[in-house]
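Just below is one structure, and these are the notes that go with it.
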Amino acid sequence: MSKEIDYLNPALPRGLRRVVMPVIDATPETLTGYGTLVSDPAECQIEIVQWPAVGSRPIDPGTGNEAGTTEGTFVSEWRGDVLYGRNEAVGGNYVLAYATEPGEAREDSQAVPLRMLLWHANYHPDGGQLFFPLDRRPFYVPLALPGDDITPEKFVCFRFDGGQGLYIHPNIWHEGVFALEGTQRFFDKQGAVHARVSVEFAHEFGCLLEAPIARDAQHVVP
């Protein structure tokens, strides 16, 4: 049985190597297999996965997928060198990333984040998830295709201009949404069961995932 993860105090060792993710623009073509761009959150259908059978008898039709969805605001907030996430849909609070070596990160730093260092990711086997920008500002989302044989090199960081949201399919590896600076709010909708399968890059692979932040992407979509 795996131990519960302390998302606000990951206790990362020093000197971890970095695996730099490719950063690419999110388009219908580049998101194929991961999910889709969303222009209207009211029209986005959340996929719900039926509860798996544990024996030889199947789950009765029409059951095992009745928990529905939960929704709320996802807040992505830089406090100095530390990027925090708060998911009001499920009552979650997390350290999402760092702008510098985690052991040297300071919440009172005045430096503008130039990179994101990611220590953890997860996927939801029970359903998909929608993130829609309420502030219409650019954001990043690291993603990887399904599979428990995940490695750091399989992650891609998608860049969004803030004009559309992101819907990801069940089983897609991700770690919330990443503001590029300051605080950003997103409408979040996901499966209410909220099962979570995790990977901890520092402890499993001795590394952090890195994405450089493009400063020329800091604009607000009308």
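Values in this text are rule-based calculations from the coordinates and carry no lab data. Everything numeric here is computed off the predicted structure, so don't read it as measured data. Backbone-built Cβ (ideal geometry, glycine too); neighbour counts: all protein chains shown.
Remarks
- Of all residues in segment 140-168 being more than 27 Å from H203 (Cβ to Cβ) and of a type outside the set (A, V, I, L, M), the one that is surrounded by the most Cβ atoms within 10 Å (Cβ to Cβ): G165
- For segment 170-177, the condition holds for at least one residue, the condition being that it is over 25 Å from R18 (Cβ atoms) and touching an Asp or Glu at 6+ places or on another chain (Cβ under 8 Å).
- Matching residues, segment 55-78, being of a type outside the set (D, E), free of Cβ contacts under 8 Å to residues at least 24 places away in the same chain and either under 21 Å from E181 (Cα atoms) or exposed (fewer than 11 other Cβ atoms within 10 Å of the Cβ) (or both): G55, S56, R57, P58, P61, G62, T63
- The set of residues from segment 102-150 being out of contact with any strand residue (DSSP E or B) (no Cβ under 9 Å at 6 or more places or on another chain), part of a loop (DSSP other than H, G, I, E, B) and of a type outside the set (A, V, I, L, M, F, W, C) comprises Q110, R136, D149.
- Residue check, V54 more than 24 Å from H169 (Cβ to Cβ) and aliphatic (A, V, I, L, M): no
- Sole exception among (1) in contact with a Ser or Thr (Cβ under 9 Å, 6 or more places away or on another chain); (2) small (G, A, S); (3) closer than 23 Å to I150 by Cβ for G92, by number: (1)
- Taken together, L8, L16 contain a single residue that is in contact (Cβ under 8 Å) with a residue 24 or more places away in the chain and under 24 Å from H194 (Cβ atoms), which is L8.
- Check on T183, hydroxyl-bearing (S, T, Y) and touching a residue at least 60 places away in the same chain (Cβ under 8 Å): yes
- Criterion: farther than 22 Å from F160 by Cβ and surrounded by 12 or more Cβ atoms within 10 Å (Cβ to Cβ) - qualifying residue of N93, N87, N9: N93
- Residue ID - farthest from G85 (Cα to Cα), chosen from residues in segment 164-202 that are acidic (D, E) and assigned to a loop (DSSP other than H, G, I, E, B): E181
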